[in-house]
Amino acid sequence: MFPEYRDLISKIKNSDLHFQKLFDQHNEIDQQIKNITSGIAVETNKTVEELKKEKLKLKDEMYSILQKAADKLRN
């Protein structure tokens, strides 16, 4: 996810608890989706579509934070 921001992600994860929480939630949802689609886990009370939408929302929020941090570094 966001290979162009790999270094920045590492820095922000260590200094921004909100970003770290978003990152962890995104990874958790990603794993849930993989487990459901591979048959490892049965569907939860949320459908795969709902999980994908939630994951995308988290990704969008993380991207916004990354862009702002990158802009600050450039200025």
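The values are calculated or read from the model by the stated rules, or taken from the named source; none is laboratory data. All values derive from a computational prediction rather than experimental measurement. Neighbour counts run over all protein chains shown; Cβ positions are idealised from the backbone, glycine included.
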Let me spell it out: the conditions are (1) outside any helix (DSSP H, G or I); (2) hydrophobic (A, V, I, L, M, F, W, C); (3) within 15 Å of the chain's Cα centre (by Cα), and residue 65 meets all of them except one. Which number is the exception? (1)
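Condition first: part of a loop (DSSP other than H, G, I, E, B) and exposed (fewer than 12 other Cβ atoms within 10 Å of the Cβ). Now tell me which residues in the stretch 6-57 satisfy that.
So in the stretch 6-57, the residues part of a loop (DSSP other than H, G, I, E, B) come out as 16, 38-47.
38, 39, 40, 42, 45, 47, listed by residue number.
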If residue 1 satisfies every condition in (1) without any contact (Cβ under 8 Å) to a residue 40 or more places away in the chain; (2) part of a loop (DSSP other than H, G, I, E, B); (3) touching a His at 6+ places or on another chain (Cβ under 9 Å) but one, which is the exception? (1)
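In the stretch 58-75, what residues are touching a residue at least 60 places away in the same chain (Cβ under 8 Å) and surrounded by 11 or more Cβ atoms within 10 Å (Cβ to Cβ)?
Our first condition is that a residue be touching a residue at least 60 places away in the same chain (Cβ under 8 Å); within the stretch 58-75, this holds for 62-63, 66, 69-70, 73.
Within the stretch 58-75, 62, 63, 66, 69, 70 qualify.
Limited to the stretch 1-39, what total is found for residues that are of a type in the set (Phe, Trp, Tyr) and on the phi > 0 side of the Ramachandran plot?
The initial filter retains those residues of the stretch 1-39 that are of a type in the set (Phe, Trp, Tyr), namely 2, 5, 19, 23.
Checking the rest, the ones that are also on the phi > 0 side of the Ramachandran plot come to 2.
Counting residues in the stretch 1-39 that are of a type in the set (Phe, Trp, Tyr) and on the phi > 0 side of the Ramachandran plot gives 1.
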Quick check: is even one residue across the stretch 35-46 within 13 Å of the chain's Cα centre (by Cα) and either polar (S, T, N, Q) or modelled with pLDDT of 90 or more (or both)? no
